[in-house]
Structure formats: C-alpha cells, structure tokens
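The values are calculated or read from the model by the stated rules, or taken from the named source; none is laboratory data. Just so it is clear, the model here is predicted, and its values are computed rather than measured. Neighbour counts are summed over all protein chains in view; Cβ atoms, including those assigned to glycine, are modelled from backbone coordinates with ideal geometry. Only protein heavy atoms, including side chains, enter the accessible area calculation; ligands, DNA and RNA are left aside. Shrake-Rupley method; radii C 1.70, N 1.55, O 1.52, S 1.80 Å.
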Amino acid sequence: MTKLFSPITFKNMTLKNRIVMSPMCMYSCENGDGKLTPFHRTHYVSRAVGQVGLVMLEATAVEKAGRITAKDLGIWDDEHVASLGDLVKELHHYGSKAGIQLAHAGRKAEDEDVNYAPSPLRFNEKYQEPSELDISGIKRIIHAFGDAAKRAADAGFDMVEIHAAHGYLINQFLSPLTNKRTDEYGGGKENRFRFLKEIVEIVSKEFNGAVFVRISSDEYNDAGNTLEDFLFYARQLKALGIDLIDCSSGGIVPAKINTYPGYQVKRCEAIKHTVGIPTGAVGLITTGIQAEEILQNDRADLIFIGRSLLRNPYWAKIAADELGYELEAPKQYVRGWR
Ligand code: FNR
C-alpha cells in the first residue's frame, strides 16, 4: 500500500488519498463581483474527476478590500454562498472533499483605492503605501474572517484554510519585517500572533470542521521570523485546535529564493516533529515517488500539488502508475485508464 493513496481523517473529513490541490488564484472573476465563473467550475471539477483527494479553492477574499486583484474570488457576501455550494456538490459527486482558502491581501491588494496593513510600509515601489489599521479596522477584518467561515460552512465545504502566508495581511502581522506596531498587535511574537489567534478562534467557532493554516515558514531575511518563531506559532496553533499547518515560504518582503525539488519540506518536517502537529508539504513536488518519499519518512501528512495539477488534471493517475498503485478510474474513463 502506498501512503500517497492511503486515506486520512481530520475531524469529520476523511480524504481518500493524501493529494491536495494547492490553492491557486485563477484571477478569473468578471465584473469585480468575486463570483464563480464557468471557468472555475470546469477547472476545479476536472481535478475532482482526476481523483484529487482534497480540492482546495484559491485564495478567496473575506472582504472586498482584501482582494489581490479585482478578479479574485470572494466570500464577503451572502450572495456568494449559493454558487459555491453548487460547486461543492459537484466536487463531492466525483469523490473529492472540498476546501476553500480564506484570505485578505492587506498591503498586497493591487486594485484598491486604499489598502490596509499593520504598519504603513509598502511591499515595494510598485505598491501604494498602505493605511495603518486601527483597532476597529482590525476587529472588522477578524469578523470578516468569521463571517466568511460561516458562509463556507453554509456552502457545505469540508474544510477551510486560513491564508497566513506569502506576505498577505495575516503574514504582515506575524512578521517583524512588516509589523512595527506598539499596541497589543505588535512587538514581541506573542503580540504579533494575536491577529491570527483571534482569526483562528472566530473561524473555529463559525466553522465546525477541519481548519488548516498556511504559513510562510521561511522569510529569507535575517531580520524576519526565525524557525524558533515559527515553532512558537505552530505550538500556539496546535493548542488552538488547528488540524494541519500547510508549510509554504516567502512573499513577505522581496527576496531571492533558491528553489529546488522539495525546497520547503525541511521546515515542514521540523514543525511536524518538534511540535507534533500534522503538516502539509508543498513546493516543487512533482512526482509520485517524491511525494511517497516525503510521506513514508513521516516528513508530512499531506502533499499539496500546485503547478503540476495545472499542467495535468490527471496528475494523480501518473503518480499512481509510477508507484504501481491501481488508482480507481472515474467510471467513464475505465477504458483509457489501464
Ligand atoms: C499560487 N499559489 C498560491 N498559494 C496560496 O496559498 N494561495 C493562492 O491563491 C495561490 N495562488 C497561486 C496561483 C498560481 C497560478 C500559482 C502557480 C501558485 C502557490 C501554490 O499554492 C503553491 O504553494 C506553489 O505553486 C508551489 O507549489 P508547486 O506549484 O511547486 O506544486
């Protein structure tokens, strides 16, 4: 039995295998309304037909001002729920579990008149200077995450992932590079963690199911969060009942990143073993053999696949063939599967 094709359970969600479609913005909404288009449905459902265990929808904005671009998907309004719910039903129909990544871009919002951040520091000269959030603004966004989680539950999602990576708003609070506040949301790591902590609390209250958190576990900057800081955050997330930490990296400040196959797995493994919490590995994992090595050596619990699934919705079939595993075919495709 391969581990990649073995089931795993998080709270009330059992995945048929360990393959997760990594959240990927498709920038395909029309009219700035944040609603699903036929493209999104084709895109996500074809990965469910391709036997991905957990199909995770892209970074989805919890408030309009939290979009990276005007073409981002949204969950800031009750109007978004019905069509998201229809998509969830289709993903279930083809045997996948359905997840959604809840996000706020903060200072990396590109198309807004005003964007928000813990401190008025821009990412680089291409971005405008963000407006420093006051306490009422912070509370507004925490509540927006809670409302979004409730909508995700209403739409029938099996899990939600809080996007605390890649230099977006939550990451901006976590990092000493971008958080220069002197109130209870800035300063030491306990204070920098407070925004994420309050978001986790409200999301867990509104969403009765598995909750993952994606972090950037390396900031590639000597003045940024250290591995010790990330281990502290991971311990806190475990104590808050988070089911899995999805370990990505980078994006908080401009940096040169040396990428190679599995380049983010080391920190994922360190967090898993030091803290004792399930983790997801992501980043240049492209083959079944590579994924199986990570799982067999207990370096992660789930494998998130990004660009390889853009190239091939049937990546799971190729991975299964490599591992000599007989992957069940969608019944329409049996004649082409062997
Ligand atoms: C991404 N990525 C990403 N990450 C995230 O947390 N939320 C998102 O919405 C997006 N959007 C996105 C769009 C596109 C087109 C790409 C290629 C990537 C990052 C993605 O989830 C993944 O972490 C990386 O692509 C690394 O994994 P792969 O592609 O090497 O398997």
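Somewhere in segment 214-221, is a residue within 25 Å of ALA98 (Cβ to Cβ), touching a strand residue (DSSP E or B) at 6+ places or on another chain (Cβ under 9 Å) and not small (Gly, Ala, Ser)? Yes: one or more hits.
From the residues in segment 145-181 that are part of a helix (DSSP H, G or I) and within 16 Å of the ligand (Cβ to nearest atom), which one is nearest to ASN12 (Cα to Cα)? The extreme case among them is ALA152. For segment 283-305, filtered to residues that are near the ligand (Cβ under 10 Å from one of its atoms) and out of contact with any Gly (no Cβ under 8 Å at 6 or more places or on another chain), the residue that is nearest to TYR260 (Cα to Cα) is THR286. Taking the condition over 24 Å from the mean Cα position of the chain (by Cα) and either open to solvent by less than 40 Å² (accessible area, probe 1.4 Å) or without any contact (Cβ under 8 Å) to a residue 60 or more places away in the chain (or both), does GLU161 pass? It is false that GLU161 is over 24 Å from the mean Cα position of the chain (by Cα) and either open to solvent by less than 40 Å² (accessible area, probe 1.4 Å) or without any contact (Cβ under 8 Å) to a residue 60 or more places away in the chain (or both). Taking (1) closer than 20 Å to SER6 by Cα; (2) out of contact with any strand residue (DSSP E or B) (no Cβ under 7 Å at 6 or more places or on another chain); (3) within 16 Å of the ligand (Cβ to nearest atom) in turn, LEU327 satisfies each apart from (3).
In this structure, GLN290 does not qualify as farther than 29 Å from ASN179 by Cβ, open to solvent by 70 Å² or more (accessible area, probe 1.4 Å) and assigned to a helix (DSSP H, G or I).
Close contacts from segment 103-126, counting a first residue that is among the hydroxyl-bearing types (Ser, Thr, Tyr) and a second that is in a loop (DSSP other than H, G, I, E, B), with Cβ to Cβ under 7 Å and a gap of 6+ residues or different chains, come to TYR116/PRO130; TYR116/LEU133; SER119/THR178; SER119/ASN179; SER119/LYS180; SER119/ARG181. Open to solvent by less than 60 Å² (accessible area, probe 1.4 Å) and away from the ligand (no atom under 11 Å from the Cβ): is that true of ASP321 in this structure? The answer is no for ASP321. Where strands (runs of 3 or more DSSP E) fall entirely within segment 1-69, those with at least 1 residues that are open to solvent by less than 20 Å² (accessible area, probe 1.4 Å), within 16 Å of the ligand (Cβ to nearest atom) and among the polar types (S, T, N, Q) are at 54-61. Answer yes or no as to whether PHE230 is open to solvent by less than 10 Å² (accessible area, probe 1.4 Å), of a type in the set (A, V, I, L, M, F, W, C), farther than 28 Å from THR14 by Cα and free of Cβ contacts under 8 Å to residues at least 60 places away in the same chain. The answer is no for PHE230.
Quick one: would you say ILE142 is part of a loop (DSSP other than H, G, I, E, B) and under 18 Å from the mean Cα position of the chain (by Cα)? Against the criterion (part of a loop (DSSP other than H, G, I, E, B) and under 18 Å from the mean Cα position of the chain (by Cα)), ILE142 does not qualify.
Of the candidates SER204, SER249, SER217, SER175, the single residue that is of a type in the set (S, T, N, Q), within 18 Å of HIS104 (Cβ to Cβ) and open to solvent by less than 40 Å² (accessible area, probe 1.4 Å) is SER175. Of all residues in segment 305-318, those satisfying the criterion of being within 15 Å of TYR44 (Cα to Cα) and open to solvent by less than 50 Å² (accessible area, probe 1.4 Å) are ILE305, GLY306, SER308, LEU309, ASN312, PRO313, TRP315, ALA316. Residues that are within 19 Å of ARG18 (Cα to Cα) and away from the ligand (no atom under 16 Å from the Cβ) were ranked within segment 89-103; the one that is most open to solvent (accessible area, probe 1.4 Å) is HIS93.
Only one of ASP111, ASP86 is open to solvent by 50 Å² or more (accessible area, probe 1.4 Å), more than 18 Å from the chain's Cα centre (by Cα) and under 30 Å from GLU129 (Cα atoms). Can you tell me which? That would be ASP111, the only listed residue that is open to solvent by 50 Å² or more (accessible area, probe 1.4 Å), more than 18 Å from the chain's Cα centre (by Cα) and under 30 Å from GLU129 (Cα atoms).
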